[in-house]
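Have a look at the structure below, then the notes.
The values are calculated or read from the model by the stated rules, or taken from the named source; none is laboratory data. This structure is a prediction, so every number in the text was calculated from the model and none was measured. Don't worry about glycine lacking a Cβ; one is built from the backbone with ideal geometry, like all the others, and counts go over all protein chains shown.
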Amino acid sequence: MANPFVRARYLLSAHNHKQLPPDGAFEVAFAGRSNAGKSSALNALCQQNALARVSKTPGRTQQLVFFDMTPPEVSPQRFLVDLPGYGYAKVPQDLQAHWQAFIDQYFRTREALKGLVVVMDIRHPLKDYDRQMLGYAVERGLPAHALLTKADKLGRGQQSQALHAVKRELFSAFGDTVSVQTFSGESKQGVDEARAVVAGWLGL
């Protein structure tokens with residue numbers, strides 16, 4: 001079967017609630033701390049090098065960025081949503097507060113949202129922000145999936161240890177509502193597995 005993710009194209013960037021597309025599509029949101037590898041993960045899933053801009057400057061994504069990957073003859077539309085990279089200290093506090101309120105409202109009220117992928121560097125997983133984002137999804141009864149990115153930076157044994165440690169902690173906090181896997185946009189490890197999870201949520 002052809003990979004529907006290769007169709008993904010930039011649609012719009014929303015800085016406030018009024019700029020969001022109409023709330024009738026199927027959406028999967030991607031969240032992650034600055035420099036966790038979120039843009040690289042999106043690019044790997046969609047087999048595109050520059051769909052999501054990979055920046056050496058953390059915190060580049062400063063709006064909700066929507067990518068349209070709707071196959072022909074499919075309705076409603078299917079979107080991937082890139083959330084602002086969080087946890088970057090140089091962002092002014094008032095802007096941080098604006099994002100916080102905007103994302104909070106998005107998670108609480110967005111009917112189109114079908115699932116959340118939280119991207120974490122496998123070497124530094126489950127920071128406060130990661131738990132907060134997973135908490136948003138669990139509160140709403142949405143499925144969540146954790147990608148432990150940059151897995152190519154560790155050996156197989158270390159990857160396995162990190163994966164089991166995160167699984168234990170997530171199960172303790174959220175039960176079995178959050179799934180988790182290792183991932184590398186660089187080596188393409190885990191890309192098919194992650195794509196299958198997101199495609200399932202989008203009904204593709």
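Some points to look at:
- Residue in the range 32-44 that is touching a Leu at 6+ places or on another chain (Cβ under 8 Å), in a loop (DSSP other than H, G, I, E, B) and at pLDDT below 90 present: no
- Q159 vs. criteria free of Cβ contacts under 8 Å to residues at least 12 places away in the same chain, surrounded by 14 or more Cβ atoms within 10 Å (Cβ to Cβ) and of a type in the set (S, T, N, Q): no
- Test: residue in the range 169-183 that is within 23 Å of V65 (Cα to Cα) and surrounded by 19 or more Cβ atoms within 10 Å (Cβ to Cβ): yes
- Hits in the range 109-156 - residues which are of a type in the set (K, R), part of a helix (DSSP H, G or I) and in contact (Cβ under 8 Å) with a residue 12 or more places away in the chain: R131, R140, K153
- Test: residue in the range 124-138 that is surrounded by 15 or more Cβ atoms within 10 Å (Cβ to Cβ), among the aliphatic types (A, V, I, L, M), touching an Asp or Glu at 6+ places or on another chain (Cβ under 9 Å) and over 23 Å from T109 (Cα atoms): yes
- Scan of the range 81-108 for residues that are within 18 Å of S34 (Cα to Cα), among the hydrophobic types (A, V, I, L, M, F, W, C) and either out of contact with any strand residue (DSSP E or B) (no Cβ under 9 Å at 6 or more places or on another chain) or assigned to a strand (DSSP E or B) (or both), ordered by number: V81, A89, V91, L95, A97
- Set S160, S179: member being hydroxyl-bearing (S, T, Y) and either under 17 Å from G32 (Cβ atoms) or not in a helix (DSSP H, G or I) (or both): S179
- In the range 113-170, the residues that are under 16 Å from T182 (Cα atoms) and of a type in the set (K, R): R123, K150, K153, R156, K167, R168
- Meets criteria (at pLDDT 95 or above, in a helix (DSSP H, G or I) and buried (at least 24 other Cβ atoms within 10 Å of the Cβ)) for A29: no
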